[in-house]
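A short write-up of the structure that comes next.
The values are calculated or read from the model by the stated rules, or taken from the named source; none is laboratory data. This is a predicted model, so every value here is computed, not measured. When we count neighbours, we look across all protein chains shown, and the Cβ atoms used for this are built from the backbone with ideal geometry, even at glycine.
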Amino acid sequence: MSRSFDIQAAGAALWFLPVQTRVPLKFGPETLTSVTCARVRLTVRDGEGRQAEGWGETPLSVQWVWPSPQSYEARHEVLKAFCVRVARAWASFGGRGHPLEVGHDFLEQVLPALWRQARSEAGPDAEALPWLAALVCASAFDLALHDAYGRLRGLPVFETYGPEHMNRDLAAYLAPAAGASADFRGRYPRDYLQQPAPRLRAWHLVGGLDPLDPTELKGNEPQDSHPVLLADWIQRDGLKCLKVKLRGNQFEWDYRRLVQVGAIGLALGVEWLSADFNCTVTDPEYVNRMLDRLRDEWPRLYGMILYVEQPFPYDLETHRIDVHGVSARKPLFLDESAHDWKLVRLGRELGWTGVALKTCKTQTGAILSACWAAAHGMTLMVQDLTNPMLAQIPHVLLAAHAGTIMGIETNSMQFYPDASLPEAEVHPGLYRRRGGVVDLSSLLGRPGFGYRLEEIRRELPAPAFEQGESTAKRSR
């Protein structure tokens, strides 16, 4: 059954916005010093000819989506070219329905073919584009689709996830785990979502290169109004939650880092820690030994660890590691591995207990994974891809509606705070953490994702791609 307000894409445009980091961010074996954000405008039309534009944005975080010894620039150019390929496909995509339905159809029917084609054209000697990278490139378009529908209907995005707007229930997408009592028939995403709170507890990222002590300062740190040392960040922003980046292949360094960060936080009123190994661990015993040593030597710090994030290689199907030993000690969250609900199901079988959602893997995929996980008793987090500018907005809204284990990770204000100055004028609570929280009150209740683009003074460069209709052009 179709409805008059079902939507179909009528045009797409793509911009690339370069961002330079204030301080470097270490990702496993690599270091991020700049990033390109893909910003998308998608025009949609409903069955009665009404049109609206939606917007989406995501950082093309090369080091995270495509860890490789290959040069950064080579990978970066492949990602940008793939974004253009996705833009061209969306401009001519004929799918029609609710954005979750249209987005799912694109992810299932179109994106895999685009991905295989790109890999094939790269040649036998080129390193293959990972599926995670393809998802990230597609995510800005998917976000724009959901935003456009909300704007067309005059509703916040998360208020459109019920039967009065959708043609298919969750059983059309999801299947329960073997032996589970979950039943998705007659169920919709809003059955697994919650009413958003206006404020979320903020997690601060302690990167592997972040100085912890004044003796570590080199004299070339930025001279601006933002902190450099961890203690100063905690005191200025009132932080209560610290996520610690670890190396995963240098046990003593990782252990000392966890203890040092924990001790600083404990002295300043921090309540929670998490440990992120970024897929570099190959043996669960590495994590078990670290947790057990922390329990025995620093029991207070051990108690502060709320969860452990993605220690093991993200390709779950290739690396089917039994992780029940780790999750028996602390909640264990899938991050890079959680491409979709099917991989979440596999992770649950292997012993993972939670899912770290990210809007950069598409809003559609995040909603479906959240529903599957919640129906099977798994806990949720929403993790950052260091989201600046517009990318921050769907990110915080997902956390507010999904019901996380504790707030949200948000760190763009650490690594490129000035990138979001135009957006911060309109949404000041989103781009500066105060009292340990971010404030969403400037967004809630507004159509789409509540960007308020007409109030944001940002000049865009020439588009990298533009095709089809634009309501903005017609209004001029």
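Here are some notes:
- Test result for Leu346, in a strand (DSSP E or B) and surrounded by fewer than 24 Cβ atoms within 10 Å (Cβ to Cβ): no
- Candidates Gly28, Gly47, filtered to the one that is surrounded by fewer than 22 Cβ atoms within 10 Å (Cβ to Cβ), over 24 Å from Ala81 (Cβ atoms), within 19 Å of the chain's Cα centre (by Cα) and assigned by TED's automatic domain parsing to the domain that holds Leu143: Gly28
- Pairs meeting the criteria (first residue in segment 125-152 and surrounded by 24 or more Cβ atoms within 10 Å (Cβ to Cβ) and at pLDDT 95 or above, second residue outside any helix (DSSP H, G or I) and of a type in the set (Ser, Thr, Tyr), beta carbons under 7 Å, at least 6 apart or on different chains) are Val136/Thr58; Ala138/Thr362; Ser139/Thr58; Ser139/Thr362; Ala140/Thr58; Asp142/Thr362.
- Any hit, segment 211-224, residues being assigned by TED's automatic domain parsing to the domain that holds Ser327, touching a residue at least 60 places away in the same chain (Cβ under 8 Å), in contact with a Lys or Arg (Cβ under 8 Å, 6 or more places away or on another chain) and more than 30 Å from His376 (Cα to Cα): yes
- Residue match in segment 368-388 (condition: free of Cβ contacts under 8 Å to residues at least 12 places away in the same chain and among the small types (Gly, Ala, Ser)): yes
- The residues listed here are Trp352, Trp372; of these, the one that is more than 22 Å from Ala275 (Cβ to Cβ) and not assigned by TED's automatic domain parsing to the domain that holds Ala133 is Trp372.
- Pairs, first in the same structural domain as Lys240 (by TED's automatic domain parsing) and under 22 Å from Arg22 (Cβ atoms) in segment 420-444, second surrounded by fewer than 22 Cβ atoms within 10 Å (Cβ to Cβ) and among the polar types (S, T, N, Q), C-beta under 8 Å, six or more apart: Val426/Ser442; His427/Ser442; Pro428/Ser442; Gly429/Ser441; Gly429/Ser442; Leu430/Ser442
- For the criterion of being at pLDDT 95 or above, touching a Pro at 6+ places or on another chain (Cβ under 8 Å) and under 18 Å from Leu60 (Cα atoms), Thr364 fails.
- Residue list for segment 234-264, restricted to those being free of Cβ contacts under 8 Å to residues at least 40 places away in the same chain and crowded, with 22+ Cβ neighbours inside 10 Å: Leu242, Val244, Leu246, Asp254
- When Ala267, Ala231 are checked against the criterion of being hydrophobic (A, V, I, L, M, F, W, C) and exposed (fewer than 15 other Cβ atoms within 10 Å of the Cβ), Ala267 stands alone in meeting it.
- Residues (more than 19 Å from Trp341 (Cα to Cα), of a type in the set (D, E, K, R) and not in a loop (DSSP other than H, G, I, E, B)) located in segment 72-131: Glu73, Arg75, Glu77, Lys80, Arg85, Arg88, Arg116, Arg119, Glu121
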